[in-house]
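A short write-up of the structure that comes next.
The values are calculated or read from the model by the stated rules, or taken from the named source; none is laboratory data. Quick caveat: nothing in here was measured; it's all calculated off a predicted structure. Cβ atoms come from the backbone with ideal geometry, glycine included; neighbour counts cover every protein chain shown.
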Amino acid sequence: MTRSTSLPRRNWLRLGLTTGAAVAAQRPARLLAGETTSVAAPAISAPVRLSLNENPFGPSERAVRAIAEHLGGGLSRYVEAEATAFTAQAATREGLPAEQIVLGETLEPLGTLLALDGGPGGEIVYSVPGYTALVDAAARVGGAGAPVPLDARLENDLPAIAARVNGRTRAVFLVNPHNPSGTVSAPLAWLAFLRELSRRTLVIVDEAYLDFDEQLAPLTAARLTREGANIAVFRTFSKLHGLAALPFGYAAVPRALGQRLRALGIGEPRTLNALALRAAAASLDDPAYAATTRAKVATERALWFRALDRLGLRRTAARGNFVFFETRRPHDAVASAFLAHGVKIGRAFPPLDTWARISIGLPEENTLARAALSAIF
């Protein structure tokens, strides 16, 4: 049996050499210089949180500067011009007219709308295990989920999803790359599936993790939205862009759906946060930041893959900022063992109760977590 050992206190201290004071002293000069790298992350503290798929490398310096500039005198004003400007920016990025961009964290309001639309008994088809914010919102007002298990490769089971759609279906909700498995479907099969399914029902695709791999850009479902397909695509700035503390996103939607959402007040400027808007706009204008963050995540993800393969632990070919692997043990026991080593991992994802998801953290956090992995397994 492998012995489990706790990290000595002096090692924690060595891991935290970068103090908040040092970061604060260096940041103003970098901001004035107009750097586009991410802001320095805070020192490590125990337990290391690798459970929420956050971007630990920090947001773009341009985003931080945009926030700081608005703090100087803009907080007394309602959002107006910022929303108009960002809508135009997002529309240009998506190749869509502005009326097909709806601002805000729209998944849950959309779930509520779908559940209430057309009376009781409506269903939302989705993959399990998975991210269920939209389905949960629908359930709170009487909607129902129609779960479809992932296939043997832990990908969205496209044939089974198509077969599950019926007269009660209000929408199909998919995440690509999937969460928690991180898998993606073959590009041609994926796009053909979406095009055909959207002729039968609204398809909603959450692409929160697509930005972590530039090679996945051709997979975006927004290309079909541009063609007029009945497909809505959700994007967030809480993942790659490192702005989880300022929740913000937008949806690229069919024209008719955009009109309905706006009629309900969803995406109205008065509901939005000016700091989040300005930070998101600045981050979109910083391609060097995105490229740097992708490279950092890819480097750390490869180290995780190597560690898991060395231990003979089955894993997925995850394409986001996390890894997903088979532990062959109950999740509670594995999570408790990691926590004893100072690492908090992702929640359980039934029915895959012997699998674990670990978010990619800072290099030193990942080193600590992989040491825990070796000790445990």
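Computed quantities for the displayed model
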| quantity | calculated |
| --- | --- |
| Identity of the residue in the range 306-325, in contact with a Leu (Cβ under 6 Å, 6 or more places away or on another chain) and assigned to a strand (DSSP E or B), that ends up surrounded by the fewest Cβ atoms within 10 Å (Cβ to Cβ) | 315 |
| From the options 326, 268, 300, residue that is among the acidic types (Asp, Glu) and assigned by TED's automatic domain parsing to the domain that holds residue 180 | 268 |
| Residue list for the range 347-377, restricted to those being among the polar types (S, T, N, Q) and under 22 Å from the mean Cα position of the chain (by Cα) | 359, 366 |
| Single residue of 265, 249, 242 found to be closer than 19 Å to residue 115 by Cβ and not hydroxyl-bearing (Ser, Thr, Tyr) | 265 |
| Residue tally, condition surrounded by 18 or more Cβ atoms within 10 Å (Cβ to Cβ) and either without any contact (Cβ under 8 Å) to a residue 12 or more places away in the chain or not small (Gly, Ala, Ser) (or both), over the range 68-88 | 4 |
| Residue count, the range 326-351 (criterion: touching a Phe, Trp or Tyr at 6+ places or on another chain (Cβ under 8 Å), within 16 Å of residue 361 (Cβ to Cβ) and surrounded by fewer than 20 Cβ atoms within 10 Å (Cβ to Cβ)) | 1 |
| Filtered residues of the range 116-160 (kept if among the acidic types (Asp, Glu) and within 23 Å of residue 316 (Cβ to Cβ)) | 151, 155, 157 |
| Single condition residue 217 does not satisfy, out of (1) touching a helix residue (DSSP H, G or I) at 6+ places or on another chain (Cβ under 8 Å); (2) crowded, with 16+ Cβ neighbours inside 10 Å | (2) |
